[in-house]
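S.K.: Structure below; questions to follow.
The values are calculated or read from the model by the stated rules, or taken from the named source; none is laboratory data. Owing to the predicted nature of the structure, the values given are computational and were not obtained by experimental measurement. FYI the Cβ positions are ideal-geometry reconstructions off the backbone, even for glycines, and counts take in every protein chain you see.
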Amino acid sequence: MNYFEFYDIPVSFQVDEPTLRRIYYRNSKQYHPDYHTLSDDDHQAEMLELSTLNNKAFQTLSDPDKRMRYILQINGLLEEEGKQQVPQDFLMDMMDINEAIMELELDFDQQRYEDTLQAVRNLETELQESIQPVLDGYSGQPGETTALQAVLEYFLKKRYLLRIHENLARFAPR
């Protein structure tokens, strides 16, 4: 049973946060082991398992990035770390930013740092704006492979940009 089934909500990149929270609290009251201390050992073990599932489901579904990763995983699109390639055209676009980071390593310049950081932020905004209609329109129905492929590409690019941010953070003004 996946987390969406457990919460009895549709598979979606956009979830209704108040509904999600309400289901989580309802499940917490229903499954929390403290409410089942007088039950037999098997029932207590089952409640502990369901309570753990409830916590993991909420942690995953309430975070947009974790939710995206999870949807890609349950659809069999995410491979082991490092086995999936960022699209080549994106890497070509990233050459200028990577060169700027190398120059910052050799000779830090505040303006170059700020320009590079802004270029990364602009890329992130463009990526988010381009994927948003896909995220909004995804219904979780079989056959939406084009949408899932677009989300996978976005996810990989976003992870790449996160590593760029980590590299840039080394130069952040102290």
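S.K.: Of Gln14, Gln59, which residue is at pLDDT 95 or above and either in the same structural domain as Leu156 (by TED's automatic domain parsing) or outside any helix (DSSP H, G or I) (or both)? Give the steps one after another, and end with the answer.
M.R.: Numbers: Gln59 fails: either in the same structural domain as Leu156 (by TED's automatic domain parsing) or outside any helix (DSSP H, G or I) (or both).
None of the other options fit; the residue is Gln14.
S.K.: Just to be sure I understand, how many residues within region 78-115 are under 21 Å from the mean Cα position of the chain (by Cα) and not in a helix (DSSP H, G or I)?
M.R.: 10
S.K.: Between residues in region 12-31 that are touching a residue at least 40 places away in the same chain (Cβ under 8 Å) and residues that are surrounded by fewer than 16 Cβ atoms within 10 Å (Cβ to Cβ) and in a loop (DSSP other than H, G, I, E, B), which pairs lie under 9 Å by C-beta distance while being six or more apart or on different chains?
M.R.: Ser12/Ser139; Val15/Ser62; Glu17/Ser62; Leu20/Ser62; Arg21/Ser62
S.K.: Another question, if that's okay. For region 131-152, how many residues are out of contact with any helix residue (DSSP H, G or I) (no Cβ under 8 Å at 6 or more places or on another chain) and either at pLDDT 95 or above or β-branched (Val, Ile, Thr) (or both)?
M.R.: Pass one, region 131-152, residues out of contact with any helix residue (DSSP H, G or I) (no Cβ under 8 Å at 6 or more places or on another chain): 132-133, 136, 139, 141-146, 149.
Pick out the ones that are also either at pLDDT 95 or above or β-branched (Val, Ile, Thr) (or both) and you get 132-133, 136, 145-146, 149.
Number satisfying all stated conditions: 6.
S.K.: Being surrounded by fewer than 11 Cβ atoms within 10 Å (Cβ to Cβ), within 17 Å of the chain's Cα centre (by Cα), within 15 Å of Tyr154 (Cβ to Cβ) and not aromatic (Phe, Trp, Tyr) is the requirement here; does Glu129 meet it? Show your work before the answer.
M.R.: Details: surrounded by fewer than 11 Cβ atoms within 10 Å (Cβ to Cβ): yes; within 17 Å of the chain's Cα centre (by Cα): yes; within 15 Å of Tyr154 (Cβ to Cβ): yes; not aromatic (Phe, Trp, Tyr): yes.
Against the criterion (surrounded by fewer than 11 Cβ atoms within 10 Å (Cβ to Cβ), within 17 Å of the chain's Cα centre (by Cα), within 15 Å of Tyr154 (Cβ to Cβ) and not aromatic (Phe, Trp, Tyr)), Glu129 qualifies.
S.K.: Which one is surrounded by the most Cβ atoms within 10 Å (Cβ to Cβ) among residues in region 87-115 that are more than 23 Å from Phe155 (Cα to Cα) and among the aliphatic types (A, V, I, L, M)?
M.R.: Filtering region 87-115 for residues that are more than 23 Å from Phe155 (Cα to Cα) and among the aliphatic types (A, V, I, L, M), the one surrounded by the most Cβ atoms within 10 Å (Cβ to Cβ) comes out as Ala100.
S.K.: Moving on. Given the structure, is Gln118 assigned to a helix (DSSP H, G or I), outside the structural domain of Asp65 (by TED's automatic domain parsing) and under 14 Å from Tyr154 (Cα atoms)? Give the steps one after another, and end with the answer.
M.R.: On the way: assigned to a helix (DSSP H, G or I): yes; outside the structural domain of Asp65 (by TED's automatic domain parsing): yes; under 14 Å from Tyr154 (Cα atoms): no.
The answer is no for Gln118.
S.K.: Could you count how many residues in region 56-86 are over 30 Å from Asp16 (Cα atoms) and surrounded by 12 or more Cβ atoms within 10 Å (Cβ to Cβ)?
M.R.: Here the count works out to 2.
S.K.: How many residues are in contact (Cβ under 8 Å) with a residue 40 or more places away in the chain and not hydrophobic (A, V, I, L, M, F, W, C) if we restrict to region 106-152?
M.R.: 8
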